Amino acid sequence: MSEPQAQQPQLQIKADEKEMLGQYANLAMIHHTGEEFTLNFIYLFPNVPQGKLVSSIIVSPAHAKRLMRALGENISRYEAQFGPIPEPPAAGPAPNVGFVQ
């Protein structure tokens, strides 16, 4: 007779409706130091040289690496189901972005 497998408790995440709706970003900027990675998610307005910082997330290097791996795995599963994601042609150099308050 085999031993029953120990079940992990279900993780409960508390989230308000605002967080559940999510935010749209069409630009991500990533910076790093020896201790952390900062991911800035930005919405650039169409036809206007202006944007808005949607969210700034700071993670450890180990978590950034797990995030990269998880994103790669999900992209692979997506493309297996829906086909390759087309990449747009190079649009030239990245825009010079600065933050204002």
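Which residue pairs have Cβ atoms closer than 6 Å, lie 6 or more positions apart in sequence or on different chains, and pair a first residue in the stretch 78-90 that is in contact (Cβ under 8 Å) with a residue 40 or more places away in the chain and surrounded by 10 or more Cβ atoms within 10 Å (Cβ to Cβ) with a second residue that is among the basic types (Lys, Arg) and not in a loop (DSSP other than H, G, I, E, B)?
none
With respect to the numbered conditions (1) surrounded by fewer than 12 Cβ atoms within 10 Å (Cβ to Cβ); (2) within 11 Å of the chain's Cα centre (by Cα); (3) at pLDDT below 95, which one is the sole condition not fulfilled by residue 27?
(1)
Just to be sure I understand, how many residues within the stretch 30-53 are surrounded by 13 or more Cβ atoms within 10 Å (Cβ to Cβ) and among the charged types (D, E, K, R)?
Of the residues in that region, 1 qualify.
Looking only at the stretch 50-91, how many residues end up being outside any helix (DSSP H, G or I) and of a type in the set (Ser, Thr, Tyr)?
Residues meeting the conditions: 3.
Would you tally the residues in the stretch 54-70 being surrounded by 14 or more Cβ atoms within 10 Å (Cβ to Cβ) and touching a residue at least 24 places away in the same chain (Cβ under 8 Å)?
Qualifying residue count, the stretch 54-70: 2.
The values are calculated or read from the model by the stated rules, or taken from the named source; none is laboratory data. What you see is a predicted model; the values in this text were computed from it and never measured. A quick note on method: Cβ atoms are made from the backbone with ideal geometry, for glycine too, and the neighbour counts reach across all protein chains shown.
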